[in-house]
Every structure is written in C-alpha cells, then in structure tokens.
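Asks: Got a structure for you, questions after.
Here, each number is a calculation from the coordinates, and none is a lab measurement. Worth saying up front: this structure is predicted, and the values here are computed from it rather than measured. Cβ placement follows ideal geometry from the backbone for every residue including glycine, while neighbour counts extend to all protein chains displayed.
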Amino acid sequence: MASTILEMRDITKTFPGVKALSNVTLSVEEGEIHAIVGENGAGKSTLMKVLSGVYPSGTYDGTIVFRGQECQFAGIHDSERLGIVIIHQELALVPMLSIAENIFLGNEHASYGVIDWNANETRTRALLKKVGLDEDPKTLITNIGVGKQQLVEIAKALSKQVKLLILDEPTASLSEKDSQALLDLLLEFKRQGMTSILISHKLNEVSRVADHVTVIRDGQTIETLARKDVTEDRIVTSMVGRSLDDRYPPREPKIGEVVLEVKDWSVYHPIHAERQVIKGIDLNVRRGEVVGIAGLMGAGRTEFAMSLFGRSWGRRITGTVLLDGKPVDVSTVGRAVDRGIAYVTEDRKTYGLNLIDHIKHNVTAANMKGVSKRGVIDDLRELAVANEYRAKTNIRTPSVYQLTGNLSGGNQQKVVLSKWLFADPEVLILDEPTRGIDVGAKYEIYTIIARLAAEGRAIIVISSEMPELLGISDRIYVMNEGRIVGEMAASEASQEKIMRAIIRGEGKAAS
Amino acid sequence: MTVESSPSPQTGVAQDTHEPRVAVSALVTNLREYGLVLALIIIMLFFQFTTDGTLFKPLNLSNLVQQNSFIIVMALGMLLVIVAGHIDLSVGSVAGFIGALGANMMVTWQLGLLSNPLVASIVCLLVGAAIGAAQGYWIAYHRIPSFIVTLGGMLIFRGLCQAMLGGGLSVGPLPVSFKELSSGFIPELLGVWTLVPPTVNAAGKTIFGSGVQLQMTSVILGLIGVAAYAWFGLSARRTRERHGYQAEPFALFVAKTLIVSLLTLFLVYQFAIYKGLPIVLVVMGLLIGLFVFVTKRMVIGRRVYALGGNPKAAQLSGIKTERLTLYVFINMGVLSALGGLIIAARLGQAVPAAGLGSELDVIAAVFIGGASAMGGVGQVIATVVGGFIMGVMNNGMSIMGVNVDWQQVVKGLVLLGAVVFDVYNKNKA
C-alpha cells in the first residue's frame, strides 16, 4: 500500500471579511496523480498558496505534514527546498530570455557569480529531453508557443529536485493536442514515482489521469473520490452542489435570414509579411443562429475574427463583408461596432478589461454614447446600466464598484460580455467564451448565449472544446490552417467528424 | 494574478448588505485624498509655526500663488499624460521657449497687431499646441516611447529658447498689461469695505489689527464659489437619493463641505484684506474646475483612463487610441505654453533659464497626488494638492532660509515618502 506523502489537516484561512478555507483536509499518496476540482472561488488556489508557503505559516490555522514531517513554511523557498513546486496558471517565464536562462533563473550554475553556460546548457538539454521538448536551449521563450512554454515550466520544476509537482490549470490555454501530450507526460512522471497535484476545470482530463479526485466547494472539502468511483456526473454534482441535468441549456432555435456574410476573406501576418494566415474564407450566419467555428490551436480562428472586427489583426486584408445583404465598411473598430458587430476576446485580461478600473466603467466602455449626451456622462444612467447588466449576466459581487482585476475568471468573463451586450450588437463573435471558468459559470454563459440567439441576434462561437461547440451551436464550420475545411449542421456533427475534417484538410493543404 | 472573489452563496442577500459597505468603501477609497489634504494642512501649519506666521500673511499667500501657479497649470496637463501611460519631460523647456517667443513678439520684433500682448499670447498658445502635436505624433502614430521623444524635445526647446534670446541674454521689459497675468489682481468693481478703520498711533504707524479693508469683489466671488460648491454637492446627493442610490454618509458630506468651505473662505479673506484675488489664481481655479469636469464627467476624460488602464482593451472597445494620445499631448503643449507665459509675466522678462527643471516639480506634483506610473490612475484635485504641497514647501523653506541644496533633498524625500505610502496602502488593501 502506498504511503501518504502529504497531509493537510483542518486548514482554515480567513481574509478580512471572508473565510476562504474552512477545515479543509487533503491527503495525497506517494506516487499518485491527485486532482483537485472546484468552481472558481472555491478555494483551490488559496489552498495551494497555503501549501507552497505563499501564505506563510501563522497566517492560517491547521497543520501540513509532508513526508512525515510537520512543516511550517515561511515562504516559497522553504517549500521548494523540500521539493514542493507549484506551476501557476499564468506562466512565470521571462519572454526575452532563453529556455536555459529561464530554467536556471535564480539557480544558475555559477562560481563566484560567473555563470558556467556549458553546464547550464548540458543540464537544460537533459531536462528538455525528459519533458519531450525538442528545442535549442538558446531559443528565446517568446519564440515558442504556450504549449512548449508549459513544458519549460515543468523542466524548470524538475531542475529543482521536485518531489511533489503542483499544476494549476496547466491546460487552460493549450490546444487539445498539447493538452494530451502534457497529460501523457504526467502519467510518465507517475511511472517514475513522482507525485503530482493537478488542479483542473476539465473533467475529461481529470477522469483520464487522476487516481484520486478531491472536490472543494465554498472553501470546504466535499469529498475525495477514488479512481473507480469517478464519473463526470458525480464530480459535477458535488462541485456545484446540485445536479446539472444537462450541461447545456435547452433552446429551440428560430433561425431567420442571413445577417452577416463574409466572402473571400484573406489576411497576411502583421510581421511576417509573406505569410498568408487566412486564405479566402467564406462564411455566413443567420438571425437567431449560433454558429460554431472548430479547429486546433493555430488554425487562424482568432486571427480571422480579429481581422474582421475593425482590422484589429493582420495586414493586407481583402474580402467583402455583407450585413443584411449590403456591403459594409468595418475597417475600424468604431465602424464595426456602429454597424452592430461585437467581438468578445479570448484573452479577457489582455484585450477585454481595464483591470485597474471597476465594473461600472468597464461595462460602458464600448458604448459611451449610451450613457452620455454631447460628450458629458450621465453618472446615474451609467450606474443604472451597470447594475442592470450585473443582474442580467449574474455577476456575483457586492457592488459595481469592484475592480475587475479582483474578480474571478467567470465574473470577469461576464463583465466583458456585459460590455458588448450593452453595445447592442446584431452579430456577436465570442472567442473561447468559457476558457478558464468553472462549470457553474459556463452554464450561465451558455444560458446567456441561448437568450441572445432567441432575441434574434446572430452569434459566432469560437471554441477549442468540441463538446461545447456541439452542445450550443446550430451549425459548425471547421477551420484548419486558415481555411474552412468543413461545414456541418450540429445535429449531424460529432467530435470524430470534426477531427476527420481537420485531418483531411491537412492532407489537402499538403497536396 | 487573480484574487478569487469570495464565494457568495448569499447573492440574494448582497443587496441588503450593500449600503453600509458602500459607506465604508466611500471612506476607504477617499481615504487617500483626505490623507493628502491632511498632509497639506499639517505642512502648512508646520511652516506657519516655523516662519513665525509669515506663511499665511496676505502678501506671502499672494506670492505663493504667483510663484507656483505655473507648476499647477502644467501639472493638469501632465496628469492626463501620465494617466494615459506616458510622460512629458519637455514641459519646462517648452515653457521657456514660449516665454522667449512671446517676449520677442511683444518687445523685439515689431509685428504690429501680432505684438499686442493678447494676440501674442494667443499665438503662443497655438504654437504650444503645435509643439504638443509634433511630439504627440511620433508617440501616438509611430509608437516611439514618450520618454525618448520628450527627452529630445527637452533639449531642442531649451536650445531654441537660449538661441532666441541671443545666448544668455534676457528680453524685456514686457508690457505692463501682460505682466498683469501673473502679478495683477482682479479689478475692484464693488469698492472697498472698511472692516476696521485704521488707527494711527503716536509714532504715525497704523496699529496692528486695525485698518482692515476688504476687496468686496473678491469676497463676493469667494462666497459665490463656496455656495456653488455646497449647492452642487447637495443637489448631486439629492439626485442620487431620488434614484434610490446610496450617497456617502450625510455626516461625512457635511464635514467635508464645511472644511473645504471654511478653508476657502479663510484664504479668500486673506486675499481680500490685501489686494484681492490674483488674476492667475482665478485662471488656475477655472482650469482646475474644467479639468475636474473633463476627467470625471466627460467621455473623452474617461477614455484617457481606459487608454492608460489597458490600451489594447481600449482599442478593441472602439476607442481611437492614437488620436486620443495625440490630443493628450496637444493639451499638454497648450498648458506648457500657458505656464511659460505665466513665468514670463511674473519675471517681467524672458530669461534663458525660465522653467528650467520645472518638469520635475510638475511630474512630482502628479505622483505625490497618487497617480500611477503605469497609467490609468490619477485625480485632478489630488494633483493640485500635490502641487500645493510642493509649493508650500518651496515657499516655507525659502522663508526659513533653508539652503536651496537642502530644499531639493527634502522635496525628494517627500516625493519618495508619498509614493511609498501609496504602495504600502495598496498592499494592505
């Protein structure tokens, strides 16, 4: 029988006015993959911060026992010395330094302050081999994709003699393929005897790799399930505290005439001028219709959407946009918004929100005309609008004066959605609308999408999660390498069909 | 990093717990502003004490305003520049250059109508706008860091200023009517009211405390200002309450209004028993009012904050970020020019060193006022208070006879202290 490597007993952590954790208990066996699931705000990240010493001993109640020893960490260095390494959701790599420099940052092989680059490089090569990353150690971080960056983070963790590896939503920004590779790597580490804790929203991943699953809700441990008891329904039920009969809200599509039509849309890369990223896309969406765009990371979906939305991405953009059958000029964001097009970004923190301002100001940012007269803002009208949309999209905060930077991912997404709903668009393009948010909030977002479609708006959803596209769309386009390689009614679509379209498209592109 | 919001299964209850929280948060969010005003008052009382009461003497108050108004005028523009996420190092040089240009137009060059002080001043403001546009163009449309562009501008315009003055000479004297901008007082329309008639003692001197005469126009203007302030505050409260929103607690509102009004009336009284309100103070007051309105109530002001908070998100919300950046620098150029005119009017001539180093005082005022170097955060009133803190320290230490070298040390420490206080507060919250 495996021995227990980590035990956290009765962990209670209070912030002013909020009990973030109350008597949480977690027990991890040596050599297993232990998943922790829970809604955003449930307390997972707080628990991991307690474990890794971000919140030092004394600021919380309870005991931590690691490898038979009671631990009182004063900071991250203490926990890392014992081999507890956490990889945060937001990667902590320096973009303009090389892979090798990043891996040994703060831990360089050096004598008297002079770095031995050969030793660093040799060790980096060995580590990269372990994580299956085939890159030159001298490559700059900024030049490799997010999936590979994640692997560099893991290699960095391995360089610290890790005993317990904690991954906080490692696949949140990875494509299906990269996610699979990462999970395989975790399983490989497990064979070598390493213990991992995996925090994830993606239940299919959890049920694939985890030996035990601990569910946390409202700062409390709900239950720990062994592998044989794990089913998605069971996890979902205990995560949200109620059973979700259906992951997607029911809707009866009432589809009207074509609202938006795009013809022969082509875009070139903004820096590599000779690279054509979007290669002649034709696409349309009807009133009341939800159209999904499926595809792998790098298929060009975001680039397509952003180039359409006021030429926010790319160069040498050609093609026609028709709204209600008439060609329109959408060459700036302002014009696109005026014509009734809205684009909800996949990266809400970088492109969607002013994180240092509160909800009220964020909600009205795209439609200041709606709350002002002759350039003067009507403060009360703005407050009423913000409160209205807070209620409509169910943003859970005490007031609209909360800074958006302090909100959970789900609430942030609802603020971005509110901003664009207040602009009252005819066509709404949603790019990864549920990325990094929990099951309960996802359902709420789906409900909003369904309601918008029922109001007669045309909706385009870009998503890397195929079940989600199948669950909410009426029609699905499949994109690969800048082209539409398939179009199917959602009722006839399946994950296999979509994948087949992508693979066939790849064959076509090669020939 | 995201601070996950507290799980709130009590969403339904949130409405009810709403009101006291708003009251507390109103106090907390304004704590910094109150703290800043408190700091200014403490500093004033300190110098009032160490200068044996010279600081609040009517003559000195007028001097204080006339010496520092150009800093505050330029700080208003700098606030927007910094909120937009930029910096402008050229303002001192631009002020100097404009002073030289104006002086030459009015005194050296015989330009007919263009030599008229008023016309020349307007031309100077337009040249300021053009300078702002020229610098803003590179920053906004070519994305050259503002630090570099305005560092270039700082060298260029200081050089042009000196070249224009024939290398180290000064140009003057400036027309008396132009000097009124800085050293004049508002014309007395209502007459002087003798509060306490002067009593002359045996030695032929007026006895202390007697001979108090009030410039009534200034008094009336002060009273109107205070009444308007209170009335606007009250009506804003009423409207909020009528629409069912919680305003700040009434006691807090009364206390705030009372303190501001009494302080204002006290200062107005001090001016009124001297020569009345300085013209430059009135100009500054109007500008402050305008910028409060623009930043708090106007769409363009809000957009500057959105731009500084997250430029990419602002652009994707349909804000024309390049044009907005250009406007911000044009505004800065105009205010730098006005600052330059005020300096020249006070000195009565244009000198090569006019405005030298003042960009640092201007930037310091904005940061003491709590603006963020990253952009997106900053308040007009706080900036003005920050400017006065710098001004009172300059003035107070000069009266005390503190060496100029040590004055700089103290000002540097105050700037650091203010920013450290801010960072500490943010981390605590």
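Asks: What is the percent of Cα-Cα separations in region A:421-500 that go past 22 Å?
Replies: On the way: 839 of 3160 pairs.
More than 22 Å apart: 27 percent of the Cα pairs in region A:421-500.
Asks: Also: With a sphere of radius 12 Å drawn around the Cβ of A:SER331, what net charge do the other residues whose Cβ falls strictly inside it have (Lys, Arg +1; Asp, Glu -1)?
Replies: That sum, taken over residues with Cβ under 12 Å, equals +1.
Asks: Can you give the charge dipole size of chain A about its Cα centre, rounded to the nearest 20 debye, using +1 on the beta carbon of Lys and Arg and -1 on the beta carbon of Asp and Glu? Don't jump to the answer; show the numbers that get you there.
Replies: Details: 63 positive and 67 negative charges, 154 e Å.
Magnitude of the dipole: close to 740 debye.
Asks: Rg and Dmax of chain B over Cα atoms: what are they, in angstrom?
Replies: In Å, with Rg to one decimal and Dmax whole: 23.5, 83.
Asks: A follow-up question, please. Once phi is turned into ³J(HN,Hα) by the Karplus curve 6.51 cos²θ - 1.76 cosθ + 1.60 with θ = phi - 60°, what whole-Hz value does each residue of region B:401-418 show in order, with x for glycine and proline?
Replies: Using θ = phi - 60°, the values come out as x, 6, 4, 4, 4, 6, 4, 5, 4, 5, 4, x, 5, 4, 4, 4, x, 4 Hz.
Asks: Given the options B:GLU359, B:GLU322, B:GLU248, which has the most mean-square fluctuation in a GNM of chain B, springs set between C-alpha atoms less than 10 angstrom apart?
Replies: The residue that fluctuates most here is B:GLU248.
Asks: Still on this model: Per residue of B:303-315, how many C-beta atoms from partner chains lie within 10 Å of its own C-beta, taken as a mean?
Replies: Average neighbour count from other chains, rounded to a whole number: 6.
Asks: Given just the C-alpha atoms of chain A, how large is their convex hull per residue in cubic angstrom?
Replies: Spelled out: Cα convex hull of chain A, divided by residues, is 177 Å³.
Asks: Determine the percent antiparallel among the DSSP beta bridges restricted to the protein assembly as shown, to the nearest 5.
Replies: The antiparallel proportion sits near 65 percent.
Asks: Also, I was wondering about something else. Can you give the Rg to Rh ratio of the protein assembly as shown, both from alpha-carbon atoms, with Rh computed by the Kirkwood formula?
Replies: 1.02
Asks: A follow-up question, please. Which whole-Hz couplings ³J(HN,Hα) result when phi for each residue of region B:160-165 is put into the Karplus expression 6.51 cos²θ - 1.76 cosθ + 1.60, θ = phi - 60°, listed in order with x for Gly and Pro?
Replies: For region B:160-165, the Karplus curve yields 4, 4, 5, 4, 5, 8 Hz.
Asks: Once the cut-off is 21 Å, how many percent of the Cα-Cα pairs in region A:258-399 end up in the long-distance tail?
Replies: Percentage above 21 Å: 54.
Asks: For A:TYR112 and B:VAL200, what is the calculated FRET efficiency with R₀ set at 60 Å and r taken between the beta-carbons, to the nearest 0.05?
Replies: Given R0 = 60 Å and the Cβ-Cβ separation, E is 0.10.
Asks: Rounded to the nearest Å, what's the spacing between the alpha carbon centres of region A:349-418 and region B:30-88? Just the number, please.
Replies: 34 Å
Asks: Need one number: nm distance between label points at B:LEU38 and B:LEU265, each 7 Å from Cα along Cα→Cβ, rounded to one decimal.
Replies: 2.5 nm
Asks: When chain B is treated as a GNM, springs tying every alpha-carbon pair under 10 Å, which of B:GLN66, B:GLN379, B:GLN246 comes out with the largest mean-square fluctuation?
Replies: B:GLN246
Asks: Also: Quick one: among B:LEU64, B:LEU252, B:LEU267, which has the greatest mean-square fluctuation in a GNM of chain B with alpha-carbon springs under 10 angstrom?
Replies: With Cα springs under 10 Å in chain B, the top fluctuation among B:LEU64, B:LEU252, B:LEU267 is at B:LEU252.
Asks: List every residue whose amide H lies under 5 Å from the amide H of A:THR195, counting only residues 5 or more places away in sequence or on a different chain, with H placed 1.01 Å from N in the peptide plane.
Replies: Under 5 Å from the amide H of A:THR195 lie the amide H atoms of A:GLY31, A:LEU165, each far enough along the sequence or on another chain.
Asks: Now, a different point. Sorting B:ARG238, A:ARG390, A:ARG301 on the 10 Å Cβ count, fewest up front, what's the list?
Replies: In increasing order of surrounding Cβ atoms, one gets B:ARG238, A:ARG390, A:ARG301.
Asks: Using only atoms on other chains, find how many Cβ atoms lie within 10 Å of each Cβ of peptide A:376-385 and report the average.
Replies: 3
Asks: By how many nm would the segment from B:ILE148 to B:LYS256 lengthen if fully extended, with 0.36 nm per residue of separation less the alpha-carbon distance? If you can, show how the numbers build up before the last one.
Replies: Numbers: separation 108, 0.36 × 108 = 38.88 nm, distance 4.21 nm.
Extending this stretch completely gives an extra 34.7 nm.
Asks: Taking every pair of distinct Cα atoms and averaging 1/r, then inverting, what Kirkwood hydrodynamic radius in Å comes out for region B:304-429?
Replies: Across region B:304-429, the inverse of the average 1/r is 16.8 Å.
Asks: Taking the Cβ of each residue in A:CYS71, B:CYS124, B:CYS161 as the centre, tally the other Cβ atoms inside 10 Å and list the residues starting with the fewest.
Replies: By the 10 Å Cβ count, ascending: A:CYS71, B:CYS124, B:CYS161.
Asks: For region B:185-277, go through all pairs of different Cα atoms, get the mean of 1/r, take its inverse, and jot down that Kirkwood value in Å.
Replies: 15.6 Å
Asks: Ok, one more. For chain B, what is the calculated [θ] at 222 nm in deg cm²/dmol (nearest 500), taking -39500 (n - 2.57) for each run of four or more DSSP H residues and dividing by its residue count? Don't skip to the end; give the middle numbers.
Replies: Numbers: 15 runs with 301 residues, N = 429.
That calculation yields -24000 deg cm²/dmol at 222 nm.
Asks: Also, quick follow-up: By what distance, in whole Å, do the Cα atoms of region B:46-95 stretch along each of the three principal axes, largest value first?
Replies: Principal-axis extents of region B:46-95 (Cα, largest first): 42, 21, 13 Å.
Asks: Can you return the aspartates and glutamates within cross-link range of A:LYS129? Criterion is Cα-Cα under 15 Å, with same-chain partners fewer than 8 residues away left out.
Replies: Correct list for A:LYS129: A:GLU121, A:GLU153, A:ASP184, A:GLU188.
Asks: Could you work out [θ]222 nm for chain A from helices alone, using -39500 (n - 2.57) per DSSP H run of at least four and dividing by all its residues? Round to the nearest 500 deg cm²/dmol.
Replies: -9500 deg cm²/dmol
Asks: How do A:ASP229, B:ASP361, B:ASP422 line up, fewest other C-beta atoms within 10 Å first?
Replies: A:ASP229, B:ASP422, B:ASP361
Asks: Further question on the same structure: Once region A:4-240 is represented by equal point scatterers at the alpha-carbon sites, with solvent omitted, what log10 I(q)/I(0) does the Debye formula produce at q = 0.08, 0.10 Å⁻¹?
Replies: Summing over Cα pairs of region A:4-240 leads to -0.30, -0.47.
Asks: At q = 0.12, 0.18, 0.21 Å⁻¹, what base-10 log of I(q)/I(0) does the Debye formula yield for region A:85-154 when every alpha carbon is treated as an equal point scatterer in vacuo?
Replies: Debye intensities relative to I(0), on a log10 scale: -0.29, -0.65, -0.87.
Asks: Run through every distinct alpha carbon pair of region A:354-424 and return the Kirkwood hydrodynamic radius in angstroms, one decimal place.
Replies: 11.8 Å is the Kirkwood radius here.
Asks: Where both residues lie in region A:4-240, what percent of DSSP beta bridges are antiparallel, nearest 5?
Replies: Of those bridges, close to 60 percent are antiparallel.
Asks: If I model a spin label as a point 7 Å beyond the Cα along the Cα-Cβ vector, how far apart are those points for B:PHE56 and A:GLN161 in nm?
Replies: 6.8 nm
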